[in-house]
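Each remark here refers to the structure printed beneath this line.
The values are calculated or read from the model by the stated rules, or taken from the named source; none is laboratory data. Just so you know, these numbers come straight off a predicted model, no measurement behind them. So basically every Cβ, Gly included, is an ideal-geometry build from the backbone, and we count neighbours across all protein chains shown. The area values use the complete protein model at the heavy-atom level, side chains included, leaving out ligands, DNA and RNA. Shrake-Rupley method; radii C 1.70, N 1.55, O 1.52, S 1.80 Å.
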Amino acid sequence: MRDVAPAPTPGRVLPRNDPRQYDDLAGEWWRPDGVFAMLHWLAEARAALVPPAESPGALLVDLGCGAGLLAPHLAGKGYRHVGVDLTRSALAQAAEHGVTPVNGDATAVPLADGCAAVVAAGELLEHVPDWRRAVAEACRLLRPGGLLVLDTLNDTAVSRLVAVHLGERLPTVPRGIHDPRLFVDARALVAECARHGVTLRLRGVRPEVGGLLRWLLRRARGAAAPAGRAPRIVPTRSTAVLYQGWGVRKG
């Protein structure tokens, strides 16, 4: 039997990693202390890997864009930001933040070969039943010299412990949002990107401990707590749980 988890809609039960969860959680995307808070922190860290556009209006394709959380962190970098996602309720919010929405599957993107200067795939691959096809599409979209940036969860026992068994007890991770069977082995990901002409570099990342603890305390205090800076995502030596990747497509 497939593992299931309760969704926020009363009386509704969905399988783990079911895309319909994002419709149920549509009101959470832009809440700084909502259940998608960590996605905001990761979007800021991902955007830091993206240099300014070499030419005005260069295309950045944001696979699995959700509600467009990457957009504020790309402001002023000169890209035309196109977001691809399956969830229409999320795309409607992305459009409100300046993203050109495309309703589509990350494994069959309705965009031309070599159209993108940058492809971002943030917190996507661990949600895709065939992550290798999503990687192939990301690389197909890149022009020669184009940049791929991504982050995902590693296929390790410690990752399953931290992201699912412990993480889903915290307010930063919606219960049932991940299926650990889809987590992405870091070495396999590097090899797959190489097959498609992208030499991927990796580094582990995590929320800074002090900032995370302060955020959790502030959130526990609720509306009475003063607003504070969101935790930063910082590098760590180990890629065993959460990791970033970046690489350029060969010409």
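Counting the residues of region 108-130 that are open to solvent by 10 Å² or more (accessible area, probe 1.4 Å) and in contact with a Phe, Trp or Tyr (Cβ under 9 Å, 6 or more places away or on another chain) gives 2. Taken together, R169, R237 contain a single residue that is under 22 Å from A45 (Cα atoms), out of contact with any Cys (no Cβ under 7 Å at 6 or more places or on another chain), charged (D, E, K, R) and open to solvent by 20 Å² or more (accessible area, probe 1.4 Å), which is R237.
Going by the conditions given, is D151 in contact with a His (Cβ under 9 Å, 6 or more places away or on another chain), among the acidic types (D, E) and either open to solvent by less than 30 Å² (accessible area, probe 1.4 Å) or in contact (Cβ under 8 Å) with a residue 60 or more places away in the chain (or both)?
In short, no.
For region 193-217, what are the residues that are open to solvent by 20 Å² or more (accessible area, probe 1.4 Å) and part of a helix (DSSP H, G or I)? Answer for region 193-217, where residues must be open to solvent by 20 Å² or more (accessible area, probe 1.4 Å) and part of a helix (DSSP H, G or I): A194, R195, V209, G210, L212, L213, R214, L216, L217.
The set of residues in region 45-76 being touching a Pro at 6+ places or on another chain (Cβ under 9 Å), farther than 18 Å from C139 by Cα and buried (at least 23 other Cβ atoms within 10 Å of the Cβ) consists of G68 alone. One residue stands out among those in region 66-85 that are small (G, A, S) and touching a helix residue (DSSP H, G or I) at 6+ places or on another chain (Cβ under 8 Å): the one that is farthest from I177 (Cα to Cα), which is A71. Taken over region 16-37, the criterion of being touching a strand residue (DSSP E or B) at 6+ places or on another chain (Cβ under 7 Å) and surrounded by 16 or more Cβ atoms within 10 Å (Cβ to Cβ) is satisfied by R16, Q21. Restricting the first member to region 18-31 and to residues that are of a type in the set (A, V, I, L, M, F, W, C), and the second to residues that are modelled with pLDDT under 95, the beta-carbon pairs closer than 8 Å and six or more apart or on different chains are L25/P8; L25/V35; L25/F36; L25/P174; W29/F36.
Tell me, please, whether a residue that is out of contact with any Pro (no Cβ under 9 Å at 6 or more places or on another chain), at pLDDT 95 or above and at negative phi can be found in region 28-38. Yes, because at least one residue in region 28-38 is out of contact with any Pro (no Cβ under 9 Å at 6 or more places or on another chain), at pLDDT 95 or above and at negative phi. If you go through region 34-60 and keep only what is within 13 Å of R80 (Cα to Cα) and among the acidic types (D, E), you end up with just E54. Counting only residues that are touching a Ser or Thr at 6+ places or on another chain (Cβ under 7 Å) and among the small types (G, A, S), region 104-156 holds 1 of them.
Can V149 be described as part of a loop (DSSP other than H, G, I, E, B) and within 17 Å of L63 (Cα to Cα)? Here the answer is no, as V149 does not meet what is asked.
Counting only residues that are outside any strand (DSSP E or B) and either over 19 Å from P207 (Cβ atoms) or of a type in the set (K, R) (or both), region 38-72 holds 14 of them.
Among A116, A138, A112, A108, which is the only one that is under 17 Å from A71 (Cβ atoms) and of a type in the set (A, V, I, L, M)? Exactly one of A116, A138, A112, A108 is under 17 Å from A71 (Cβ atoms) and of a type in the set (A, V, I, L, M), namely A116. For region 241-248, the condition holds for no residue, the condition being that it is within 13 Å of L125 (Cβ to Cβ), open to solvent by less than 30 Å² (accessible area, probe 1.4 Å) and either assigned to a loop (DSSP other than H, G, I, E, B) or of a type in the set (D, E) (or both). Against the condition over 16 Å from the mean Cα position of the chain (by Cα), within 18 Å of D151 (Cβ to Cβ) and open to solvent by less than 40 Å² (accessible area, probe 1.4 Å), how does P231 come out, does it pass? It is true that P231 is over 16 Å from the mean Cα position of the chain (by Cα), within 18 Å of D151 (Cβ to Cβ) and open to solvent by less than 40 Å² (accessible area, probe 1.4 Å).
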